[in-house]
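The next block holds one structure in the form of structure tokens; read it before the comments.
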Amino acid sequence: PPVEFLRHPLSLSQSQHWEDAIVALSDLAATLAREEMDDVATCRMVGSTDLVELLLSLQSHPVHAVAVPVLEAWLTLQDVPTSERHPDLASPLYGRLVEVILKRVAYPPSFVSWEEELDVDEADFEEMRRLATDVLVGAYFLMRAGYLEKLAEVIMSVEGNGGAGVGTSNRGGTPYNNNATATATNNHQWEMVEASLYCLTAVSREACARVKSVSNAVRGGRDSPVSGDGTATASGLTQLAGMICAGGAQSASGRHPLVLSGVASFLGGYSAIWALSCPPPSILQILSYLSLAIAVPAAMEAAGKSVRSVAIASASTLSSAANSTPELYDGISATLAQAMDAALATGNAKAMNNVAEGCARLAVQLRDSTRVRAILSAMAMPTLQRARSALDAMVSSSGMDNSGVAASQMEAASQVLSSCLGVLREIIRFCDEPPKGSGDVHILSDVLTAAWPLLNDISSRQCCRANDAVLSSLLEVQSQLLGVVPALIAPYFKELISFVVRAYEETFCPSALDYISAAVELFDSEQSAMTVASGLDESGKDATFSQLLSHLCQYTFTYITQTKRPNECPQIIKAMFEMAQRYLLFCPGGLCQCPEFSSLFALATACLTECKGETESTRATAIFLTQLIGWKQIRLPPAKLSKMEQYAGTIDNLLAQHGEAIVKACIGGLSGGMPQILWPSLSECLFVFTLHIISTSHGADEPNSILYNWFYSAISAGVSSGDSDVTQIVNNSITPELKSNVISIVFGLAKEGVKSKPKAKMLLMDFGKICKGETSTDALLAYSLG
């Protein structure tokens, strides 16, 4: 047979344990299949079936480097329409391939942890699973419900047929066959159960989309061509979930903790199907199962994510059911409280935040606001109690001698307090719906009543303000409260601002500036609760926020000139100019009449280079300058636009002072001085600056004008300072004529107005590629012709 030239060397290499030779032969076989796939898929090539059989055997090979290349061959086969393939290379082949991959992605039977595993490399194992996912998705699209049934049979053969179900669909269809015939036959084959769950979860998004499309068709009175498959999918999966959950989390964990982790991922991946197919009590049972799974370290992360997924997906279903059956509120409340208690007990911030988000988003969908307030309180109280204990521990540790024990206790308590504040932040974040009636109180009112004394105590403790994690978490909670319940916060706003400013003076925490940013935006509307409560008119608001900005600027200027350079505190620079951008958009009067406005502009210009190309801080600086220079194009409301017009002369004077530095920084960054991810921001800043100068200064686009000379000098300096390996080549290609050509094109586009900004950005980024030697100067021809 034609593949004998592969089979015989492969057999010899395996008998002699020549691993490198086996890898090379696997590469060769996979390459042959990919290159000749059109003929292989139709079996026109002699020996096609033998080649496919060889690929299947190589796919199951235990050596990672042998099995990986074959995956690409299956992906290439998937590109051939099934109507053009030989029938044997459609569902029959992929049924066998799923069985091969199932075994190949399974853990070793004796697996305990990666630290103790000697036979399998963790990186290879994870890569195999990651690369196999695309092949599994292709198999699902070909096999549909048959793919799910094959894997479910493996699980059912181990789990057995007993136990009450989570809930089966009432929409008809045939559930998966309980008479499992797959290879796993006893409780010791935990690794096959886990691998089956992994392969099921790998296609969950595609399977859920199919079921939802059928459901939408039924609701719309349409007949879906895949209704039978969709119904069978939903029915079979709910039956499988019922059998798994009936055994309890302890049963799954008893086989192996990784089985429980796989179950948790499976339940989360198919959350959309549970919401469509399961009755409300069954959904609560799934959430309860996941809550128990959170306590197992190996399943903690997966279970936390799945609680979030299931709670969000089923929120509408549970809300409608509770509206018609009020008794269900008690079950929902108990289930959410159980989930929160389980997450808090782990002490893991990610798990806690995921569960808090899911529970909060489910709770706010419920329609009885009185019950919602009670549920939110029940969720929040354990968190607040845990936070209070952590605060007391921090205060106690701060009064002890500077011993290692005290430091250890302080660190542990601060982590607990920070994570609890994170949970409170997540609960608050999704409770932004206003009261449903004029006489109703906000659903967060009870939570805020309980939390406010704690928040005040935390803010008053110097040991808390000195801890970066605790202070950041506290400010994030306060920012969320500011945005979600401004009417409840308004009476305390002056105290909060004083606390935030004091915290910034003491710690220079970027979150303090983020809080000010949120406050500036909140005061934008004259009808906002904050504006009404403060009693400030527009001029009073401008004066107040201008004074606040001036104070913050003075402290920041001192810090970055005497303590740390901008590149050493990028988060502060980022927060500072994001705050300045909020001022520009929502309180331009407060920005422009600030006594430190000129210094702030100078700092922004300097930070374009002083941040040394750090992505977030440089981008925030460039965006602020872009919007300030191009304030006429950002569509401000008439009142704010009028305010900016009053300070147009001030801005023009600042551009005259710092324009050359802006041009030099932007072109220097484009010509190799900054990462390519910053080029769009630098290109836009440079073009908006050019547009502004040319549109306001007569003759600015002429050769030998001041603007032209700034550009020419910046291009010359930027190219000369490029990468030493390519500088000489680039210097030879970027002639004086080319420099003049680039400048002329940019100026010409600027004369066309803001509509040419996308083209100008593309030009400047192509110029950057030329400077780096990534493309030739021919890239500019299209712009010249245009």
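The values are calculated or read from the model by the stated rules, or taken from the named source; none is laboratory data. Keep in mind the model is a prediction, meaning the values are calculated, not measured. Here the Cβ is made from the backbone with ideal geometry for all residues, glycine too, and neighbour counts use every protein chain on show. The protein model used for the area step is the full one, side chains on, heavy atoms only, and it has no ligands, DNA or RNA in it. Shrake-Rupley method; radii C 1.70, N 1.55, O 1.52, S 1.80 Å.
A few notes on this one:
- Derived scalar couplings ³J(HN,Hα) [region 699-716; Karplus, 6.51 cos²θ - 1.76 cosθ + 1.60; whole Hz; x for Gly, Pro]: x, 5, 8, 7, x, 6, 6, 4, 5, 4, 5, 4, 4, 4, 5, 5, 5, 5
- Averaging Cα coordinates gives a centre for region 38-104 and one for region 121-142; these two points are 14 Å apart.
- VAL405 - accessible surface, heavy atoms, 1.4 Å probe, Å² rounded to 10: 90
- Cα-projected label distance for ARG222 with VAL63, points at 7 Å along beta-carbon direction, nm: 5.2
- 0 to 90° range, to nearest 10: angle between helix 493-507 axis and the chain longest Cα axis: 90
- Hits among aspartates and glutamates - C-alpha to C-alpha of LYS564 under 12 Å, sequence gap 8 or more where chains match: GLU610
- A probe of 1.4 angstrom, applied to the heavy atoms of all protein chains, finds HIS692 with accessible area near 20 square angstrom.
- Relative contact order (%) - region 286-397, alpha-carbon pairs under 8 angstrom, separation at least six: 32
- Solvent exposure, largest accessible area first (probe 1.4 Å, DNA, RNA and ligands not counted), of LYS755, LYS212: LYS755, LYS212
- Figure note: LEU12, LEU93 ranked by solvent-accessible area, largest first, 1.4 Å probe, ligands and nucleic acids not counted: LEU12, LEU93.
- Measuring r between the beta carbons of LEU56 and ALA123 and using R0 = 25 Å, the FRET efficiency lands at 0.50.
- Accessible surface calculations at 1.4 Å, restricted to protein heavy atoms, place the chain at 42 Å² per residue.
- Two-site FRET efficiency, SER110 against THR82, from Cβ-Cβ distance with R₀ of 35 Å, rounded to 0.05: 0.30
- Accessible carbon and sulfur surface of region 434-525 relative to its total accessible area, %, 1.4 Å: 51
- Here the extension length gained between ASP524 and ARG205 equals 110.7 nm, from 0.36 nm per residue of separation less the Cα-Cα distance.
- Taking a ≥ b ≥ c as the square roots of the eigenvalues of the alpha carbon gyration tensor, region 308-416 is prolate, as a/c is not under 1.5 and a/b beats b/c.
- Whether region 9-119 is rounded, prolate or oblate, judged on the alpha carbon gyration tensor where a/c under 1.5 counts as rounded: oblate
- If you take the Cα centroid of region 323-395 and the Cα centroid of region 568-628, the two points sit 39 Å apart.
- Label point distance in nm, SER713-ASP652, each placed 7 Å from Cα along Cα→Cβ: 2.2
- Between region 742-772 and region 485-499, the Cα center-to-center distance that results, in Å: 47
- Of ALA665, CYS199, SER517, farthest towards positive along the dipole that unit charges on Lys, Arg, Asp, Glu beta carbons give the chain: SER517
- Among the protein heavy atoms, those of ASP524 account for about 50 Å² of accessible surface (1.4 Å probe, every chain in place).
- You can think of it this way: the chain between SER316 and ILE497 has 61.3 nm of extra reach, that is 0.36 nm per residue less the Cα-Cα gap.
- Helix-only mean residue ellipticity at 222 nm for the chain, each DSSP H run of n ≥ 4 adding -39500 (n - 2.57), per residue, nearest 500: -24000 deg cm²/dmol
- For the chain: rounded, prolate or oblate by the Cα gyration tensor [a/c cutoff 1.5]: oblate
- Most tightly packed first, judged by the mean number of other beta-carbon atoms within 10 Å of their residues, the peptides 556-562, 340-346, 593-599, 627-633 read 340-346, 627-633, 593-599, 556-562.
- Under the Karplus curve 6.51 cos²θ - 1.76 cosθ + 1.60, θ = phi - 60°, whole-Hz ³J(HN,Hα) for region 644-650, x wherever Gly or Pro sits: 5, 4, 5, 10, 4, x, 4
- Backbone N within region 260-282 under 16 Å of label point (7 Å from GLU327 Cα along the Cβ vector): 280-282
- Sorted largest first by accessible area at a 1.4 angstrom probe radius, with every protein chain in place, the residues GLU149, GLU35 fall in the order GLU35, GLU149.
- Computed from phi, the 3J(HN,Hα) profile of region 562-575 under the Karplus parametrisation 6.51, -1.76, 1.60 (θ = phi - 60°) reads 10, 10, 9, 7, x, 6, 8, 9, x, 5, 5, 4, 4, 5 Hz, with x in place of Gly and Pro.
- Gain upon complete extension [SER784, ILE677; 0.36 nm per residue less C-alpha separation]: 36.0 nm
- Expressed as a fraction of 2.2 N^0.38 Å, the value expected for a compact globular protein of N residues, the C-alpha radius of gyration of region 545-673 is 1.01.
- Computed over region 224-307, the range of Cα coordinates on each principal axis works out to 43, 22, 20 Å, biggest value leading.
- Lysines with Cα under 29 Å of LYS640, excluding same-chain neighbours fewer than 8 positions away: LYS494, LYS541, LYS574, LYS632, LYS751, LYS755, LYS757, LYS761
- Simple label model, 7 Å out from Cα along Cβ direction - VAL395 to LYS103, nm: 6.5
- A Förster radius of 60 Å, combined with the Cβ-Cβ distance separating ARG34 from TYR559, puts the computed FRET efficiency at roughly 0.55.
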